[in-house]
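What follows is a set of notes on a single structure, which appears directly below.
The values are calculated or read from the model by the stated rules, or taken from the named source; none is laboratory data. Since the structure is predicted, the reported quantities are computational estimates derived from the model, not experimental observations. Reconstructed Cβ throughout: ideal geometry from the backbone, glycine too, with neighbour counts over all protein chains shown. For accessibility, only protein heavy atoms count, side chains too; no ligands or nucleic acids. Shrake-Rupley method; radii C 1.70, N 1.55, O 1.52, S 1.80 Å.
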Amino acid sequence: MKNKFISISLLLILIFALTGCFSYQDINKVLFVTLVTVDVTDTGEPMMRVEAFHAYRSKKGQGETGNRLVFESTGETIFDAIRNMNQSAIYKMDYTQNKVLVFTEKAAEYGIHKFLDIFMRDQEILLYPSIVIYRGDIHEFLHTSFKQEDFTGTYLNHLLKNKVIATHLKRNQLNQYLNYREIEDQVAAITMITMEGEPGEEKIVVQGSCILKEDKKVGTLEDEKAKIFNLLNNQFKNGLFTISHPNKKEEHITLQVLKAKTKTNVHFESEESISVEKNVHLRISLGETQASLELDQKMIETIQKELEKSIKKQGEDLFHQYAEKKIDLFQIGEAICRKKPSWYDEDVFSRIHFVVNVKVDMTTSSQTRGYR
Amino acid sequence: MAPISLARIQKILQDNEDITYRKIVNNEETIIIIFAGNISDAHYISEVIIKPLVETKEKKLDVETIQNSIITASNTGILQKEEEAILHILQGNAVVLVPSLSSGIFCEVKQYKKRAVETPPAEAVLKGPREGFTEDISDNISMLTKRVKDSRLKLEKVHLEDTCNTLVMMAYLEDRVCKKTLAYIQEKLQNMPPVFVITAAKIEELLEEKPTAFDTIGYTEKPDIAAARLGEGRVAIFVDGTPIVLTAPYFFLENFQSPDDYYLNRYTVNALRLLRWIGFFISVFVLPLYLALITYHFSLIPTVFVFRLAVSRAGVPFPAILEVLLMMFFFQILREAGVRLPQSVGQSISIVGALILGDTAINSGLASSITVLVVALVSISSFLLPKVYGGIWLWSDIMILFSAFLGLPGFYISFILFWSHLSSLRSCGYPYLFPLGTLKSYRYRDVIFKGEEMDMYKPIFHRGEEDEK
């Protein structure tokens, strides 16, 4: 009897303790949000637009169908905007299927810190959607029908997971971005997108990365720089590098990266001299050549050296370009703060000796030597 | 000892038109032969009892002389009590009474109308023996002893307080049987309250330790299976008038075994066993899980499928829980109709009913196509395990209600309750989930997958209580 009483009590405790987040909701009585965009008005109020899926029974042919809805609202806060949006919605909006959170470039320039709280803490909003910055007119973006997918959110989600892009441009999820906010300097690179193409043939295009410091846009990295940035941060798996043809300078060769690995060593020699080494190891193969090429050992060494030189220069330039603006692109400040917290100050970048060491191994076919 | 009185017997059996009294007078001695005409062999009685009594030249006709020198029946005995005489008459034997001596003899002359040995429809096999038990206990015992030609085979008659005097017998192999189980069954049967008619179901209920929808006592209609179970050390209980033989103890894992498993290729059998396990998990857990996902946890469903689910339910006016219960109810009606009708009609009803009901339920907006699909999948899966069907149905419904009220936490709670219930069950002193959960090595070679044929049918209960630690 005592055991039964304990079992029933435990059951009741579980019932009330475990069911706080959700309540019974039929799947057809919900609007599924597939894309959330956050913009900012000229007065600094958040403007929220969402794309949602609505299932209903159509009068035409008496069949069940679904359609795409776009909602738009502003409010004092994002939560306020969400509530305002529900005033015109047939059912409650469900954010569990939202795969992408888009901030406009304008919002990024204004600073997104004011808008993040609800996405971080609300139990009905998930933490794993991708986060991107949109460059262009967000109203037009949401009201454009793309041919590749009916739903812009789904299209964008698949685009960001496209292997060719995903291997050399890092996709940030909201939770990862929130982690960046916790480290020293709070610098993060977020993928930028835009819309291109003739009317009726519009496509979403990934356009490098946007650099945010303390939730505010401080710069952009175009495709090539974003690639170097990801390579030096050991987030580049494979991709392409194009260099000048060793024999004909006006022509090019494209090298395919098969494997890439970057190790970072920070040497704390003295407070005045901190040396940071980025040791990059690449395994590549020849992808394409615009002019004939005899791929003997000498030529291989020439190509390797050319690529090593190119990456080293681009990497060191990128560091210095942002170091001048006191932006810690490679999270070196965090490494210093962990090991020598007293050495860290605002001028630390002027004391850092940043070196990129690149080692390229070119693999070739054992039989094919001449590329004519 | 009270003398056997013809008058009292006639009084007790006075309104029974089936009883025949044949009077023979020989050498001035009157002899009465009493038998039930419809359940005894009249021709045999004439040949082995009446004719010898009429033709005898013996002067002294006492019971010993009649039994030893006159009657030529194979099985005879001297009666001591009136009750015995009445019991023999009602069982179809003839009672030879010498009124002047107030004593009698019984002769076995019973001849019942009985069914021929047929293939049991519920345990049909592709490769194995076809014969199945019948309603006649002596036929059933003969089918068993034909297979187990072992002097250690014990066939115990169980005396029960039953107004119909149903014959119940217990069979076991003396050297292999689990003593604990045997003692448990004997004690339960001895303490059985008086009932009108003993059936296998009554004994099954008596031996159950806890109310449950799962069978904790096994049953079979096939003598080869009964023999195999005796070989493992189990006890078989035969009840006259029932073509089913009870076997105890019975474990949960046996629900996944089929008669064909022991005649087909081992690897094919194990693949089928895996299929049955998958079927079991589908039939118990898929519907509650489906309900929890489509009413609480949309984030766990892929986006494209969420859209499809939402569209398919768009025209359904009822909540998902009602939709699921309605479809389950329809299915149960169909199943019951299919089972109760004659086989040829039942099959057509099931197919036509399922097609029409499923299609019209979707078209009329009573249910979504995906729910119909899930209910159909669950229902078909439950057919893989006919022995555990009741338990599956009941527990699936309980889990559906938990999932509908609490979502996944409800599903987990009911999942734990389900396994706790199964773990708490016992079969004749053994845990129902045996040998799962035992720490000691066990001899049972037929757990989830079937072991090698040479390892099968070995005694599995030698260590008695140690087995369940």
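For A:Met362, what residues show an amide H to amide H distance below 5 Å, using hydrogens built from the backbone and excluding near sequence neighbours?
Here A:Ile284 satisfy the definition.
As an exercise, identify the GluC sites (Glu not before Pro) in segment A:196-263 lying in DSSP coil whose Cβ has no more than 15 other Cβ atoms within 10 Å. Write down the numbers at each step before the final one.
On the way: sites: A:Glu196, A:Glu201, A:Glu202, A:Glu214, A:Glu222, A:Glu224, A:Glu250, A:Glu251; in loops: A:Glu201, A:Glu202, A:Glu214, A:Glu222, A:Glu250, A:Glu251.
Here the GluC sites (Glu not before Pro) that fit, given the DSSP loop and packing criteria, are A:Glu201, A:Glu214, A:Glu222, A:Glu250, A:Glu251.
Would you mind estimating how fast chain B diffuses translationally, via Stokes-Einstein at 25 °C and 0.890 mPa s with the Kirkwood radius over Cα pairs, in µm²/s?
Numbers: Rh = 26.4 Å.
Estimated diffusion coefficient is 93 µm²/s.
Given a 1.4 Å probe and heavy atoms of the protein chains only, how would you sort B:Ser312, B:Ser348, largest accessible area at the top? If you can, show how the numbers build up before the last one.
Values: B:Ser312 20, B:Ser348 60 Å².
Descending order: B:Ser348, B:Ser312.
Can you tell me the alpha carbon radius of gyration of segment B:121-250 divided by the globular rule-of-thumb value 2.2 N^0.38 Å?
Working: Rg = 14.0 Å, N = 130, 2.2 N^0.38 = 14.0 Å.
My calculation over the Cα atoms of segment B:121-250 gives 1.00.
Collect residues whose amide H, placed 1.01 Å from N in the peptide plane, falls under 5 Å from the amide H of A:Gly208; neighbours closer than 5 in sequence don't count.
When sequence neighbours closer than 5 places are left aside, the close amide H contacts are A:Met192, A:Asp223.
For the protein assembly as shown, with the dipole built from +1 on Lys and Arg beta-carbon atoms and -1 on Asp and Glu ones, taken about the Cα centre, which of B:Val177, A:Ala189, A:Ser350 lies farthest toward the positive end?
B:Val177
What's the carbon and sulfur percent of chain A's accessible surface, probe 1.4 angstrom, rounded to a whole number?
The computed percentage sits at 49.
Using the heavy atoms of the protein chains alone and a 1.4 angstrom probe, what is the accessible area of the protein assembly as shown per residue in square angstrom?
Details: 41010 Å² over 841 residues.
Per residue, the protein assembly as shown has 49 Å² of solvent-accessible surface.
Separation of segment B:77-107 and segment B:365-442 by C-alpha centroid, Å?
Value for the Cα centre distance between the two parts: 56 Å.
Would you work out the relative contact order for chain A, in percent, from Cα pairs under 8 angstrom that are 6 or more residues apart?
Numbers: 690 pairs, mean separation 42.9, N = 372.
Answer for chain A is 12 percent.
Using only Cα atoms, locate the centre of segment A:70-138 and the centre of segment B:222-262, then give the distance between them in Å, rounded to an integer.
A separation of 65 Å, based on Cα centres.
Could you tell me the relative contact order of chain B? Use alpha-carbon pairs under 8 Å, at least six residues apart, and round to a whole percent. The partial results should precede the final answer.
Details: 742 pairs, mean separation 66.7, N = 469.
Answer for chain B is 14 percent.
State to the nearest 20 debye the size of the charge dipole of segment A:223-372 about its Cα centre, where the only charges are +1 on K and R beta carbons and -1 on D and E beta carbons. The partial results should precede the final answer.
Working: 24 positive and 23 negative charges, 117 e Å.
Here segment A:223-372 has a charge dipole of around 560 debye.
Accessible area lost on pairing A with B, both sides, 1.4 Å probe, Å² to nearest 100? Please report the intermediate quantities before stating the final value.
Numbers: alone 20080 and 23370 Å², together 41010 Å².
Heavy-atom accessible area buried at this interface is about 2400 Å².
Using the Kirkwood radius over C-alpha pairs as Rh, can you work out the diffusion coefficient of segment B:321-432 via Stokes-Einstein at 20 °C, viscosity 1.002 mPa s, in µm² per second? Could the numbers behind the result be given before it?
Details: Rh = 15.7 Å.
Reported coefficient: 137 µm²/s.
Please list, ordered by chain and number, the residues whose modelled amide H lies under 5 Å from the amide H of B:Thr134; skip anything fewer than 5 residues away on the same chain.
B:Asn140
Which percent of the accessible heavy-atom area of chain B goes to carbon and sulfur, probe 1.4 angstrom?
Values: 13210 of 22150 Å².
Ligands and nucleic acids excluded, carbon and sulfur give 60 percent.
Mind checking the mean number of beta-carbon atoms from other chains within 10 Å of the Cβ atoms in B:404-413? All intermediate terms of the calculation are to be shown ahead of the outcome.
Details: counts 1, 3, 7, 7, 3, 8, 4, 0, 2, 5.
If you average over the peptide's residues, the count of other-chain Cβ atoms is 4.
Holding the Cα-Cα limit at 21 Å, pick out from A:Lys263/A:Lys339; A:Lys261/A:Lys305; B:Lys11/B:Lys157; A:Lys163/A:Lys278 the pairs that are longer than that. Could you put the intermediate results ahead of the total?
Working: A:Lys263/A:Lys339 17 Å; A:Lys261/A:Lys305 17 Å; B:Lys11/B:Lys157 30 Å; A:Lys163/A:Lys278 26 Å.
Where the Cα-Cα span goes over 21 Å, the pairs concerned are B:Lys11/B:Lys157; A:Lys163/A:Lys278.
Exposed loop sites here are GluC sites (Glu not before Pro) in DSSP loop states with at most 12 other C-beta atoms within 10 Å. What is the longest stretch of chain B lacking them? The partial results should precede the final answer.
Working: sites that count: B:Glu17, B:Glu28, B:Glu161, B:Glu174, B:Glu452.
My reading of the result: B:175-451 is the longest stretch.
Classify segment A:160-227 as rounded, prolate or oblate from the Cα gyration tensor: take a ≥ b ≥ c as the square roots of its eigenvalues, call it rounded if a/c is under 1.5, otherwise prolate when a/b beats b/c and oblate if not.
Values: a/c = 2.20, a/b = 1.87, b/c = 1.18.
Prolate.
So which trypsin sites (Lys or Arg not before Pro) in segment B:134-204 end up in coil per DSSP with only 16 or fewer other C-beta atoms within 10 Å?
Passing both the DSSP loop test and the Cβ count: B:Lys149, B:Arg152.
Return the loop-located GluC sites (Glu not before Pro) in segment A:264-366 (DSSP other than H, G, I, E, B) with at most 15 other Cβ atoms within 10 Å of their own Cβ; answer none if there are none.
Values: sites: A:Glu269, A:Glu271, A:Glu272, A:Glu277, A:Glu288, A:Glu294, A:Glu301, A:Glu306, A:Glu308, A:Glu316, A:Glu324, A:Glu334, A:Glu346; in loops: A:Glu271, A:Glu272, A:Glu346.
Here the sparse-neighbourhood loop sites are A:Glu271, A:Glu272, A:Glu346.
Could you tell me how far the Cα centroid of segment A:214-243 sits from the Cα centroid of segment A:286-307, in Å?
After rounding, the separation between the Cα centres reads 25 Å.
By its C-alpha gyration tensor, with a ≥ b ≥ c as the square roots of the eigenvalues, how is segment B:115-171 shaped: rounded for a/c under 1.5, else prolate for a/b larger than b/c, else oblate? Walk me through the numbers before you get to the answer.
On the way: a/c = 2.88, a/b = 1.43, b/c = 2.01.
Cα axes put segment B:115-171 in the oblate bin.
Let me know the mean shielding of A:24-36 by other chains, meaning the per-residue number of their Cβ atoms within 10 Å of its Cβ. Don't skip to the answer; put the middle values down first.
Working: counts 10, 7, 10, 17, 11, 6, 3, 1, 5, 0, 3, 0, 0.
Mean partner shielding for this stretch: 6.
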